[in-house]
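Student: One structure, pasted below without further comment.
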Amino acid sequence: MNTLKIKLVSFILLFGLGLFSVKAQEKIDQVEALLSKMTLEEKIGQLNLLTPGGGIATGSVVSNNVEAKIKAGQVGGLFGVAGPEKVRQAQKIAIENSRLKIPLLIGSDIIHGYKTTFPIPLGTAASWDLELIKKMAETAAKEATADGINWNFSPMVDIARDPRWGRIAEGAGEDPFLGSAIATAMIKGYQGTNLKKPNTMMATVKHLVLYGAAEGGRDYNSVDMGKVKMYNQYLPVYKAAVDAGVGSAMTSFNDIDGVPASGNKWMITDLLRKQWGFEGMVVSDYTSVNEMVAHGLGDLQTVSALALNAGLDMDMVGEGFLTTLKKSVEEGKVSEESITQACRRILTAKYNLGLFNDPYLYADESRPEKDILSQENRKLAREAARQSFVLLKKHENVLPLQKSAKIALVGPLANNKNNMLGTWAPTGDPQLSVPVFEGFKNVAPKAKIKYAKGANITNDPDLAKRANVFGTRVEIDERSSETLLNEALKLAENSDVIVAVVGEASEFSGEAASRTNLSLPESQKRMLTELSKIGKPMVIVLMSGRPLTIEDEFALPASILQVWHAGIEAGNAIADVVFGDYNPSGKLTATWPRNVGQIPVYHSMKNTGRPIEADNFQKFKSNYLDVVNTPLFPFGYGMSYTEFGYKNLKIQKSQIAQMEAVEILVDVTNTGDFDGAEIVQLYLRDVVRSITPPLRELKGFTKVFLKKGETKTVKLTLQPNDLKFYNGALEFVAEPGDFEIFVGTNSQAELKTSFKLN
Ligand code: NOJ
């Protein structure tokens, strides 16, 4: 570079830095100026998120006298309020009637799309497509901000290795590497590059920490985990979110080493703020401060003080902060400085969102019409759904179907709008979703399609009742099971092919929806068994919010397509895949066990001191008497209408130095009869190290599109951090020695190479 260029670059850099620090200083000045005017009561007031009720909320709490509280400066944000008019009205009360005119945060759960509902997160994760995931988050932000929301309680990044836990549906699955990449993409999508833009919103990483490891998969249950496992397997996702610049973090319901997350100083202050450098605000989960009373840590005043002293900034709907903190200050249990600090973080978040400049930034009445549920958004939902589907089994090339086929479309989910959106889609309208029957008619208008319900989702009235809290998801038909079944069998006999759409109701998964039996309900199992006896080609389209145990169905002569709960465009997207307009390419991001007794089963398990070989039972080895160790479908698994071959795995160097990246090349060929995409995966094994290593861990992936017959050389790069782990002293290190690399189509890939780290 010549000197002129150097001068120019330095000038730009300095100018940029200067601008940056002027802006940062402005923010500090404005927030501090405001803080200096606030009374203790007003500062405490900012630490409360209240819900006026009538909106969308997960719990039963409704705050009283919200309007009066806003006027009195006792509210920092609202939850469960939507629509630009309502939001304008709420902001107006704060701006025109409260002493300091501080605008409100307007929070909501936009988990998989706002009104344009995308597939459940476990489904979109199966696309392994970070650009697509980011685009969905951007679209969700555009729709939600058009409706007045400026703060989103997403992404949920909790690593989940227990499919009994209903909330596995809400996250990206079992793996920290993939989970971190997805969390980053979602945060970038929600927040954009400038939070002050009216179409971006503040994201919340949740639930810190370890919520997905609840004992027995029972929601809200205790977690007990050693630090080495925590740091290596469970914490990286939250840290990745912090590194991606997430604006807020939500504490979890569970305890960690005996202290619930919302009162856990080690977690909030030492780990999140000091070790990871998080500068944003921390909000509790819904009444999780109050719940520390039931956890057994004291009365409301005690637990509220515990939470504040731990570093929690905002109390979600519990009003423990509002009603007890002043007393705690007076009694010397909480310092005013800690309250000022929590308030400072909340005001800073409001500043970052641009609310001090314009409190009505997110209350533009002209936006909903153009930004919400547009054709473009629905198109994205269809694309996302197609990419989320996982072909679990191919039977005799039944799929894809001819568009002229005579089809018996059967099953309780085949013509059902109420279960398409999936769990935690309270802002979506099930009536706007496309059921499978309609999608089939749209995509294959010439096919002769007849529908019969065939079975109830379940015949168990208690289960049905529990799944119906958000509307009717499970209807038990007035007709008898025999009548339903016979109708389906009759249709099947008179058709070329059977498509059975079965699975879970959407509220069989999600919050407070844990199950101990992960099979299909008996009603549906019976229908499938009887249908399979007819001897017609059969396709099972399986909907669920989690991995299910489907060994019996796997043994039936049928192809199986896993479609999760696919969102507003479910039916169209399923038809696209079933009729071959789109070749499925999704891969599982959580292992599917053979039975519940195998749980937990995941790809990064350890060898143990007594491993077995090739699923052969051996006495005094680490295995079961009654089931093999391998799962039904491993992590990363998913088939395609075509086949892919892997060859020529090469590593750029066989010896590498510390802090050196290394490139890996592999030839992937589409050897089948359809064009299609393949998700190429790289797994790493650290052969010997100071802490027992997992057998393999995902450390790279890429999605490649190949025309039939085409070969591409795919490049994957291992970064220096990919070789590191937290050792016994919790230092993040790469230990010299041998590493093995496996590349292929799922976590059981066998193509292997190795290198040495010096
Ligand atoms: C409880 C859930 O755990 C959390 O994820 C959600 O954000 C809050 N309820 C608010 O709905």
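Student: Return the residues of segment 311-321 that are among the hydrophobic types (A, V, I, L, M, F, W, C) and either within 27 Å of the chain's Cα centre (by Cα) or under 16 Å from residue 79 (Cα atoms) (or both); say none if nothing qualifies.
Tutor: The answer is 312, 314, 316, 317.
Student: Something else now. Out of all the residues in segment 268-282, is one or more closer than 15 Å to residue 342 by Cβ, modelled with pLDDT of 95 or more and within 13 Å of the ligand (Cβ to nearest atom)?
Tutor: No, every residue in segment 268-282 fails to be closer than 15 Å to residue 342 by Cβ, modelled with pLDDT of 95 or more and within 13 Å of the ligand (Cβ to nearest atom).
Student: How many of the residues making up segment 712-732 are surrounded by 16 or more Cβ atoms within 10 Å (Cβ to Cβ) and in a strand (DSSP E or B)?
Tutor: Qualifying residue count, segment 712-732: 6.
Student: Moving on. Take residue 224 and decide whether it is under 20 Å from residue 272 (Cα atoms) and free of Cβ contacts under 8 Å to residues at least 40 places away in the same chain.
Tutor: It is true that residue 224 is under 20 Å from residue 272 (Cα atoms) and free of Cβ contacts under 8 Å to residues at least 40 places away in the same chain.
Student: Can you tell me which residue in segment 79-120 is nearest to residue 169 (Cα to Cα), limited to those that are away from the ligand (no atom under 16 Å from the Cβ) and among the charged types (D, E, K, R)?
Tutor: Looking at residues that are away from the ligand (no atom under 16 Å from the Cβ) and among the charged types (D, E, K, R), I get 115.
Student: Can I ask one more? Of all residues in segment 540-566, count the ones that are closer than 22 Å to residue 494 by Cβ and within 28 Å of the chain's Cα centre (by Cα).
Tutor: Adding up the residues that qualify gives 3.
Student: Kindly provide the set of residues from segment 498-520 that are of a type in the set (Gly, Ala, Ser) and either part of a helix (DSSP H, G or I) or surrounded by fewer than 16 Cβ atoms within 10 Å (Cβ to Cβ) (or both), ordered by number.
Tutor: Listed by number, the residues that qualify are 506, 512.
Student: Now, a different point. In segment 661-698, how many are among the basic types (Lys, Arg) and either part of a loop (DSSP other than H, G, I, E, B) or buried (at least 21 other Cβ atoms within 10 Å of the Cβ) (or both)?
Tutor: Looking only at that region, the number is 2.
Student: Now for a different question. Restricting to segment 705-726, count the residues that are without any contact (Cβ under 8 Å) to a residue 60 or more places away in the chain and either farther than 19 Å from residue 664 by Cα or of a type in the set (A, V, I, L, M) (or both).
Tutor: 7
Student: Let me ask you something else. For segment 532-570, give me each residue that is under 12 Å from residue 413 (Cβ atoms) and touching a Pro at 6+ places or on another chain (Cβ under 6 Å).
Tutor: Selection gives 564, 566.
Student: Can residue 329 be described as at negative phi and over 27 Å from the mean Cα position of the chain (by Cα)?
Tutor: Yes: the conditions hold for residue 329.
Student: Let me ask something else. Restricting attention to segment 201-213, report how many residues are more than 12 Å from the ligand (Cβ to nearest atom) and of a type in the set (D, E, K, R).
Tutor: Residues flagged as more than 12 Å from the ligand (Cβ to nearest atom) and of a type in the set (D, E, K, R) within segment 201-213 amount to 0.
Student: For segment 193-200, check the following and say yes or no: at least one residue is more than 16 Å from the ligand (Cβ to nearest atom), surrounded by fewer than 24 Cβ atoms within 10 Å (Cβ to Cβ), under 30 Å from residue 704 (Cα atoms) and among the β-branched types (Val, Ile, Thr).
Tutor: Yes, segment 193-200 contains at least one residue that is more than 16 Å from the ligand (Cβ to nearest atom), surrounded by fewer than 24 Cβ atoms within 10 Å (Cβ to Cβ), under 30 Å from residue 704 (Cα atoms) and among the β-branched types (Val, Ile, Thr).
Student: Output the residue which, of all residues in segment 43-61 that are in a loop (DSSP other than H, G, I, E, B) and at pLDDT 90 or above, is surrounded by the fewest Cβ atoms within 10 Å (Cβ to Cβ).
Tutor: 51
Student: Here is a follow-up. Considering only residues that are more than 12 Å from residue 537 (Cα to Cα) and of a type in the set (Lys, Arg), which ones fall in segment 386-405?
Tutor: 386, 393, 403
Student: Those residues that are out of contact with any strand residue (DSSP E or B) (no Cβ under 6 Å at 6 or more places or on another chain), crowded, with 16+ Cβ neighbours inside 10 Å and among the polar types (S, T, N, Q), I need them from segment 521-531; list them, please.
Tutor: 523
Student: Turning to a different aspect of this structure: I'd like the residue in segment 149-170 that is within 13 Å of the ligand (Cβ to nearest atom) and among the acidic types (Asp, Glu) and, out of all such residues, is surrounded by the fewest Cβ atoms within 10 Å (Cβ to Cβ).
Tutor: Among those residues, the one meeting the criterion is 158.
Student: Do we have residue 464 as in contact with a strand residue (DSSP E or B) (Cβ under 7 Å, 6 or more places away or on another chain) and part of a helix (DSSP H, G or I) here?
Tutor: The answer is no for residue 464.
Student: Taking the residues in segment 167-213 that are among the polar types (S, T, N, Q) and free of Cβ contacts under 8 Å to residues at least 60 places away in the same chain as candidates, determine which candidate is farthest from residue 349 (Cα to Cα).
Tutor: 193
Student: Here's another thing I want to ask about it. Taking residue 405, is it over 21 Å from residue 550 (Cα atoms), in contact with a Ser or Thr (Cβ under 9 Å, 6 or more places away or on another chain) and among the aliphatic types (A, V, I, L, M)?
Tutor: Considered against the rule, which asks whether it is over 21 Å from residue 550 (Cα atoms), in contact with a Ser or Thr (Cβ under 9 Å, 6 or more places away or on another chain) and among the aliphatic types (A, V, I, L, M), residue 405 comes out as yes.
Student: Taking residue 545 and the conditions (1) in contact with a Gly (Cβ under 9 Å, 6 or more places away or on another chain); (2) within 22 Å of residue 392 (Cα to Cα); (3) not in a loop (DSSP other than H, G, I, E, B), which numbered condition does it fall short on, given that it satisfies the others?
Tutor: For residue 545, the failing item is (3).
Student: Let me ask something additional. Scan (1) in a helix (DSSP H, G or I); (2) at pLDDT 90 or above for the single condition residue 9 breaks and write down its number.
Tutor: (2)
Student: On to the next question. Right, residue 649: touching a residue at least 60 places away in the same chain (Cβ under 8 Å), crowded, with 18+ Cβ neighbours inside 10 Å and closer than 22 Å to residue 173 by Cβ or not?
Tutor: No.
The values are calculated or read from the model by the stated rules, or taken from the named source; none is laboratory data. From a predicted model like this one, the values you see are computed outputs, not experimental measurements. Note: ideal-geometry Cβ built from the backbone for every residue, glycine included; neighbour counts use all protein chains shown.
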